[in-house]
Amino acid sequence: MTQQEFAPPVGEWYYPSEDIVNNAHVPDYEALYREAMADVESFWARRADSLEWYQRWDSVLDSSNAPFFKWFVGGKTNIALNALDRHVKTWRRNKLALIWEGEPGDRRTYSYWKLYREVNKFSNVLKSLGVRKGDRVTIYMGRIPELVMAMLACAKIGAVHSVVYGGFSEQALADRIEDAQSRVIITTDGAWLRGNIVRLKDVVDEAVRRSPVVESVIVVKRTGHEVKMEQGRDYWFHDLVALPIASPICETEVMDAEDPLFILYTSGTTGKPKGILHTHGGYSVYTSTTLQWVFDLKDDDRWWCAADPGWITGHSYIVYSPLILGATSFLYEGAPNFPYPNRWWRMVEEYGITILYTAPTAIRGLMRFGDAWPNRHDLSSLRLLGSVGEPINPEAWRWFHKVIGKERCPIMDTWWQTETGGFMITPMPSVGLKPGSATRPFPGIDVDVVDEHGQSVAAGVDGNLVIKTPWPGMLRTIYGDPERFVAQYWTAYKAQGWYLTGDSARKDEDGYIWIIGRNDDVIKVSGYRLGTAEVESGLVSHPAVAESAVIGVPDEVRGNVIYAYCILRAGFQGNDTLRDQLKEHIRHEVGPIAVPSKIEFVDVLPKTRSGKIMRRVLRARAMGQPEGDLSTLEE
Ligand code: WT7
C-alpha cells in the first residue's frame, strides 16, 4: 500500500450513536485517559483488583532492572484461576463459554462447567506424560476446541505453551520446537481447510525427525484419515483421556505473577524467530481490561474474534481474555468463503454474533465477492466491529462499516503487537473515528511519534512509533535470548528508556495516530508477520539457489505479497519448472503463507558496500518507482 492511500481523509469523521456511548463501559475516553495517566500504577492496581488472586501483590511495578520490568511482584495467581475456576463457582457455570463450528458443518458447545472439566482432564493427561511446571509444550493444531483446551491445560499445570500456527511447515516447526526444547507436542491428525485435509501430523513427524528433543506426541483425532502412529512416542488423545488418570478434577498450580505463561514465536529482522514471552499476572490484567473496554464486552454478547488461536490475537482475544471476562466466544474452523462467500455472514446471523473482530485482509477478501452475499443475511445482531493486523484502507473500512455494520456499528481499529500482549492504540466506543486511523492510545499507555533523536515530530510528519512507559501486558523477554530483547526493543532510545515498536507512524492535528507500516525487514502477508530472512533462508536451502532477496509488494487483498529475487548456482536454469519447484520448496520448508507470488532470476542483487541487500531498491524497481539515493550502492 502506498503512503498516500493512508493520508488522513480530511474531515471524514464517524461518531458512535449516543445510545452506544451512554451504555458503554467507558462513556468518556478522555476523562479515563487523564485519570489513568495521573497515577498509572494505582490505575493498574485497581484493574488487577477486579481479578482473583491467591495472594495479592506487594508492589505493582518493579523497574529496578529495566527493561526487565516486573508487574504485581509477589502476587500469586494462575490465568486459569480467572479464566475457569472462579466462574464455575458462580451462575456462569452454566453459561456458554465456547460455541464452535467445524468447516464441514459439525458443531459443539461448551458451558464454563464443561470446559472446566475438559481442561482438567487434559491437564491430567499432560501430567501423566510427565509434563511439569515450567516445561515447554509445543501445540500445532487447527482451529478446534481442543486447541483452546490444550493451551488452558498447560496454563493450569504451570507448563509454558508454544503454539505454532498450522500454516507453518516442517523446518519452521522444528526450529520452534528446538528453541523451546519441548519434549511434548500436541497436534491433530489433520485440519479442514476449503474442503481439503491439511495433514498436520505428517508435518509433525518430519519436524520431530529433525528435533530429537521430542519424547511424546499427543494426537487429537479431527479429520479421521489414516496417520502413522509411532509406538512409544505417539498417543491418541482419546485413548489417554479414557484412562482413569484423566480425572475431571485437577488442582490449579499456584504461580507467581511473573511466571511464564507462554512463548509465541514471531518474525524479526534476522532469520531466527523470536520467542516472545508473556506471564500469568500482568497479561491477565492487561488483556481482560483492554477487551472489556474496547469491545465493551457484556454478559449477553456473542463475541467472535475471527483470528487463529495460533497468533497473539487468538491467544489474547479468543482464549484468555474472553474467558477471564466470562464471555461467550464463537470459534470457526475453516475458510471464510467455504463453501460459498456467505459462510461468515450465515454464521453471524445464525449464532447472533454481536461483535466481530477481524483483519483488513479478510475484509478485503470478502469485499471482493460483492454486497449480495452479506445482503442475503440478517446482520442486525452486530453492534461493534473490529480490525487488526495492518493498516485498514479507508475503502475497506467504509465497506465494512456500511455493508456489514449498516452504518450502526463503530469499528475498533486496534494497533498492537505480539510483544504488547494486548491493544495499545485503539478507539473505544466513545471515540470519534477516522477510517484508517487506530486513533488514540489506551488509558495507561504513553505513545509518541519521534525522530531518530527522540524529538516528537510535528503533525503530518513520519517518525518512529515508541512507547514511553511500561504496561502490564508487555513481553518480558525473548525466550533464551535476553540480549536480543534489549538490542531489539530497548537500544534505539536507550537514554530515554523507550520501547521501539519497529513501526513508522504519523500523528495528525487532532493527535490521532496513523500507522504507516513496519520499518524493519518484516513483511505483513495477509496480516501475518514474516521476516525477509526466513523466506530467504528457505530459498537458499534449495540446491539451485546461491543467494536470494525477498521484498513485500502491495497487494489489493493480501496487503502485501512476496517477490523473490534469486541468483542461481552454476549449472541451474532459471525457468518455470524451477520456479514451481522453489514455490513448492518454500511451502514445505517455511509454510504456505511464505510462498512468493513472483520469483525472478537475476545475476546480481543491489547491495551496499558493506554487503547489505538494498531491498528498498528492489521494491522501487518492482513498483516502477524512482530508486532514490543510490550513493551507498556497490558498483
Ligand atoms: C504489527 C504487529 C497484534 C495482532 C496481530 C499482529 C501491524 C497490527 C495494526 C493496525 C496498523 C497494525 C504493525 C505491528 N499492525 N495492528 N490496527 N493498524 N498496523 O501482531 O504479528 O505481532 O504484528 O502489525 O505493523 O507492528 P504481529
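The values are calculated or read from the model by the stated rules, or taken from the named source; none is laboratory data. A quick note: this is a predicted structure, and the numbers were derived from the prediction, not measured. All Cβ positions, glycine included, derive from the backbone under ideal geometry; neighbour counts span all protein chains shown. Keep in mind that these areas ignore ligands, DNA and RNA; they rest on the heavy atoms of the full protein, side chains included. Shrake-Rupley method; radii C 1.70, N 1.55, O 1.52, S 1.80 Å.
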Original post:
Expressed as a rounded percentage, what relative contact order does region 220-275 have, with Cα pairs under 8 Å and six or more residues apart?
Top reply: 19
**OP:** Multiply the residue separation of residue 459 and residue 55 by 0.36 nm, subtract the distance between their alpha-carbon atoms, and state the gained length in nm to one decimal.
**Re:** 140.8 nm
Subject >> Span from the region 510-582 Cα centroid across to the region 359-380 one, whole angstrom >> reply: 29
**OP:** Kindly state, to the nearest 0.05, the FRET efficiency for residue 446 paired with residue 228, given R0 = 51 Å and r defined as their beta-carbon distance.
**Re:** 0.45
Original post:
Suppose R0 equals 45 Å; then what is the FRET efficiency for residue 199 and residue 346 from their Cβ-Cβ distance, rounded to the nearest 0.05?
Top reply: 0.95
Subject >> Anisotropy class of region 508-635 from Cα gyration tensor, a/c 1.5 cut >> reply: oblate
Original post:
Going through region 231-266, which GluC sites (Glu not before Pro) have at most 12 other Cβ atoms within 10 Å and a DSSP loop state?
Top reply: 251
**OP:** Just need the relative contact order of the chain here, percent rounded to a whole number, with Cα pairs under 8 Å and 6+ apart.
**Re:** 14
**OP:** Check the straight Cα-Cα distances from residue 507 and name the aspartates and glutamates below 12 Å, setting aside those fewer than 8 residues away within the same chain.
**Re:** 448, 462
Subject >> List 621, 609, 484, 343, ordered by accessible area with a 1.4 Å probe, largest first >> reply: 609, 621, 484, 343
**OP:** At a temperature of 25 °C and a viscosity of 0.890 mPa s, determine how fast region 256-356 diffuses translationally according to Stokes-Einstein, using the Kirkwood radius over alpha-carbon pairs as Rh; express D in µm²/s, rounded to the nearest whole number.
**Re:** 162
Subject >> Pairwise FRET efficiency - residue 407 versus residue 23, Cβ, R0 = 22 Å, nearest 0.05 >> reply: 0.75
Subject >> Per residue, in Å², the accessible surface of region 310-409 once ligands and nucleic acids are set aside, probe 1.4 Å >> reply: 29
**OP:** Holding the Cα-Cα limit at 32 Å, pick out from 114/201; 156/221; 89/201; 406/598 the pairs that are longer than that.
**Re:** 89/201; 406/598
**OP:** Any aspartates and glutamates with Cα under 12 Å of the residue 228 Cα? List them, leaving off those in the same chain fewer than 8 positions away.
**Re:** 189, 202, 205, 206
Original post:
If packing is taken as the mean number of other Cβ atoms within 10 Å per residue, what is the order of 185-198, 574-587, 521-534, highest first?
Top reply: 521-534, 185-198, 574-587
Original post:
Is the shape of region 345-401 rounded, prolate or oblate, going by the alpha carbon gyration tensor and its root eigenvalues a ≥ b ≥ c, with a/c under 1.5 for rounded and a/b larger than b/c for prolate?
Top reply: oblate
**OP:** Stick to Cα atoms and the Kirkwood definition of Rh, then tell me Rg/Rh for the chain.
**Re:** 0.94
**OP:** Return the distance in nm (one decimal) between the two label points of a simple spin-label model at residue 632 and residue 509, each offset 7 Å from Cα along Cα→Cβ.
**Re:** 3.6
Original post:
Put a dot 7 Å past each Cα toward the Cβ at residue 209 and residue 486; how far apart are the dots in nm?
Top reply: 4.2
Original post:
Could you give the nm distance between label points at residue 108 and residue 622, where each point is 7 Å from its Cα heading toward the beta carbon?
Top reply: 4.0
**OP:** Report the semi-axes of the equivalent ellipsoid for region 444-501 in whole Å, largest first, where each axis is √(5λ) for an eigenvalue λ of the Cα gyration tensor.
**Re:** 22, 13, 8
Original post:
Roughly speaking, to the nearest percent, how much of region 387-515's 1.4 Å accessible area is carbon and sulfur?
Top reply: 49
Subject >> Candidate aspartates and glutamates - alpha carbon under 16 Å from residue 133, same-chain residues fewer than 8 apart omitted >> reply: 251, 253, 256, 258, 259
Original post:
Counting pairs of Cα atoms in region 256-310, how many percent are more than 16 Å apart?
Top reply: 61
**OP:** Using the Kirkwood radius over Cα pairs, work out the Stokes-Einstein diffusion coefficient for region 96-197 at 25 °C and 0.890 mPa s, in µm²/s as a whole number.
**Re:** 170
Original post:
Based on the alpha-carbon gyration tensor of region 20-176 and its eigenvalue square roots a ≥ b ≥ c, which shape applies: rounded if a/c is under 1.5, prolate if not and a/b is larger than b/c, or oblate?
Top reply: prolate
**OP:** Counting only C-alpha contacts under 8 Å and six or more residues apart, can you give the relative contact order of region 1-113 as a whole percent?
**Re:** 14
Subject >> Accessible surface, region 507-635, averaged per residue in Å² (probe 1.4 Å) >> reply: 48
